[in-house]
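> Right, I'll just put the structure down here and ask away after.
The values are calculated or read from the model by the stated rules, or taken from the named source; none is laboratory data. Worth saying up front: this structure is predicted, and the values here are computed from it rather than measured. Glycine gets a Cβ as well: all are built from the backbone with ideal geometry, and neighbour counts include every protein chain shown.
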């Protein structure tokens, strides 16, 4: 039987974990295909994604595309069917079980994983206004996520201005979450919702800044994860979520690193 949702992505990937965690709660079935980020240059990006041999690449020149963002300057192989389903051509890339419908952006793939299960239990929010409140947090998370992506991809070209901008974005995001947790047990409501899952995975993604360690030392600045230490309510909330196996089984290593901020 086909999975409810198939995802092609670079792995490991906290953003991919959003959908997997949502599926763990909703009961949806997910099939994941992928490889380490740079290894995706050797894959055909498609519903039936597969690793390519060199001779395969020669026969797939019509699928060759110049990469962008994290794949800038490299050749990627994307089928016409992939681009029809995913007009922005990015990963993670979600597909319906039959491959006919493409779902892109990690928050939307996560929503699909919640909707496709029969045990969502309020993950999406209760009623039109409750759902809209969850969506508000998800939209705000994407603003922070975009800033973080630019920060992490800057590598040894990171500037002090970029660092300062990311620090401002992180503090604003954490402040909002910390404030929300003053008023409800979870971020968007008194029950777990997709807002908690998305925020947890995006904050966990920040631990990848360890790859910037040498550059941060050159700039004479501290890792930005340390900025989270003052947000004690948020730290307690993340520690509670980390005790839930349906979350920790997907993102435990990242959460373990993140929670050291509050040790």
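> Output yes when any residue across segment 186-193 is part of a helix (DSSP H, G or I), buried (at least 18 other Cβ atoms within 10 Å of the Cβ), assigned by TED's automatic domain parsing to the domain that holds residue 137 and within 20 Å of the chain's Cα centre (by Cα), and no when none is.
Within segment 186-193, none of the residues are part of a helix (DSSP H, G or I), buried (at least 18 other Cβ atoms within 10 Å of the Cβ), assigned by TED's automatic domain parsing to the domain that holds residue 137 and within 20 Å of the chain's Cα centre (by Cα).
> Sort through 117, 130, 155, 220 and tell me the only one that's buried (at least 17 other Cβ atoms within 10 Å of the Cβ) and either over 16 Å from the mean Cα position of the chain (by Cα) or modelled with pLDDT of 95 or more (or both).
Only one candidate passes the filter, namely 117.
> Checking the conditions here, which among 89, 70 is touching a residue at least 60 places away in the same chain (Cβ under 8 Å) and surrounded by fewer than 20 Cβ atoms within 10 Å (Cβ to Cβ)?
Sole residue among the options that is touching a residue at least 60 places away in the same chain (Cβ under 8 Å) and surrounded by fewer than 20 Cβ atoms within 10 Å (Cβ to Cβ): 70.
> Can you find a residue in segment 19-33 that is under 27 Å from residue 125 (Cβ atoms), in a strand (DSSP E or B) and in contact with a helix residue (DSSP H, G or I) (Cβ under 9 Å, 6 or more places away or on another chain)?
There is at least one residue in segment 19-33 that is under 27 Å from residue 125 (Cβ atoms), in a strand (DSSP E or B) and in contact with a helix residue (DSSP H, G or I) (Cβ under 9 Å, 6 or more places away or on another chain).
> Filter segment 160-183 for residues that are farther than 15 Å from residue 206 by Cβ and in contact with a helix residue (DSSP H, G or I) (Cβ under 8 Å, 6 or more places away or on another chain); which is surrounded by the fewest Cβ atoms within 10 Å (Cβ to Cβ)?
182
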